[in-house]
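Values quoted throughout were computed directly from the atomic coordinates according to the rules given, and no laboratory measurement underlies them. What you see is a predicted model, and the numbers here were worked out from it, not measured in a lab. Positions of Cβ are generated from backbone atoms using ideal geometry, with glycine treated the same way; all protein chains shown enter the neighbour counts.
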Amino acid sequence: MNAPVAALRLLGWLWRDHLRRRWGILAVAMGLMALEGASTGALSYLVRPMFDEVHQGAAFAVVARVAASVGGVFMLRAVAGFGNRIIVARQAERIGAELQAAMLAHALRLDLSFYLANSPGSLMERLRGDTATLRSLWPPILQALGRDVVALISLAAVALMVDWRWTLIALAGVPLLALPLMRLQARVRGTARAARAAAGALSTQLDEAFHGIRTLQLSGAEAQESTRYRGALDRFLAAQYRSDRSSAAIPALIDIVAALGFSGVMLFGGMQIIAGTKTLGEFMSFFTAMGLVFEPLRRLGSISGQWAAARASLERIRGLLDEVPKITSPERPQPLPGTGGVRVRMEGVSFGYGDTLVLQDITLEAQPGKVTALVGPSGAGKTTIFHLLTRLADPGSGQVTLNGVDLRDLDLAELRRQFAVVSQDSALFDEAIATNVRLGASDLSDAGLARALHLAHADFVEDLPQGAAAPAGPRGTALSGGQRQRVAIARAILRDAPILLLDEATSALDSQTERKVTEALDRLREGRTTFVIAHRLSTIQAADEILVMNKGRIVDRGTHAELLARGGLYADLYRLQFKE
């Protein structure tokens, strides 16, 4: 797709989704801009009577009329300029906010594979940095279309009224700008795209540094991390400088053309004034018009550079919005049959990221009221099974079913309502503890909330000055690791889903609290289909079935006693932990 067609499509999308419903208020702004632009032409026109009448000793009434006209034009320009800037600034902020909200809403629907390929920092830069670039573009673009174009037309009309030959001489070099401007715009777009990518890398490093601050400080790596960031900062500055340099070249070219035009008119017009065929007022009026012409022309030239830079951000925004979720609800979802619990089955399931196979030929079945434990070394594929069960990913081959229905035939929201998940890194947000517990279930009662906190042994909440209204802090940093985990367990209790997924659910608890929470989880498991991932084998000895995984395969299965008696990987892991 060539550049003009691509640009028109981007503008068409902006018009349909964000500008069309604002056409009324934007039309008012454009009208005010047109008045502001026309006032520029009026001022240049009034220069002629100032020199030809006032300067030559006209009556006071003439002087007063000219003075009132000039003052009125300036007042009109002030009111029109203030009005259009207020309107455009407000609408630009709203459009920027709409884009951010739309991007986040869309991104939250995308699959796990998308987030594996895009770092949080780069995504934050798209939502914040790219929309900020675009937001700053609206005022100058609309002002260029509404004010500067009208100003150019009115000033050109004044110049033509004075002398059409002077006008042709002054503007003779303008057509020569076309090719250089096209090449500069292409260069600005490319360099701006590189600058935005470099800004995304900066955001990623900041995100890593702040979230890994404890590791950095304990490792004494503060200076090393600062050096790494300075290197990324230098790369960003270099890319931004290339973009700024290309943008600055556009008004510079216009100034060169202006210099040539002015010089030509000075020579030609000066000889006519000497010869007496032109008046000083005509000459000053023309030069005022031409002097004012090149200012909006420079702004329009700068806009072309700004548009080229903003287009790079616009393409990145549109690129995110064009990402299509691979995991969606079917057009005609099937109902989930049965009311007495949910039976889970995986049959011949394999899965991989790209060319890397993570799971191979996995077959398992879990019944309501039963506990299925997944054990094995890190990287064996245990957490990936949880991803497939909840459709954060779909298997490459094989089938996953709930009560005999393939997950891909179920409504996605309904499917995920069947699961309550507690992991060793359950996410908490910078909201009240109550809000974190009610995540996805905000309509549940205060009594249900209190009960869930009690069953999760989150008694510490009662001791907080604000109780359950106390903020959890960014990523739950206002709470200890054990407190965060108990809040996550309370969330799972409140959710009351038929399938329970526990991924090292008690890993951050001390022995006494772990015993209490384990009792609560035991009550929670009753009647539910429960999967447990555990590295501490002592926590899953009572599981109904233990699946031993290694390198993406189930290499053994059975009860704790059966696996120990049979020997193999499980027995080796158990003996190793027993010795420790």
Cα gyration tensor of the stretch 360-426, axes a ≥ b ≥ c as square roots of the eigenvalues: rounded (a/c below 1.5), prolate (a/b > b/c) or oblate?
rounded
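How would you classify the stretch 408-543 from its alpha-carbon gyration tensor, with a ≥ b ≥ c the square roots of the eigenvalues: rounded for a/c under 1.5, else prolate if a/b is greater than b/c, otherwise oblate? Numbers along the way, then the final one.
Numbers: a/c = 1.65, a/b = 1.14, b/c = 1.45.
Oblate.
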Show which aspartates and glutamates lie in cross-link reach of Lys382 when reach means a straight Cα distance below 12 angstrom and same-chain residues fewer than eight apart are skipped.
Asp503, Glu504
Two pseudo-spin positions, 7 Å from Cα along C-beta at Asp425 and at His387, lie apart in nanometres by 1.2
Work out, step by step, the length gained on full extension between Met161 and Ala6: first 0.36 nm times the residue separation, then minus their alpha carbon distance; give nm to one decimal.
51.8 nm
Inter-label distance for Leu112 and Arg22, nm, one decimal - labels placed 7 Å from Cα along Cα-to-Cβ
3.9
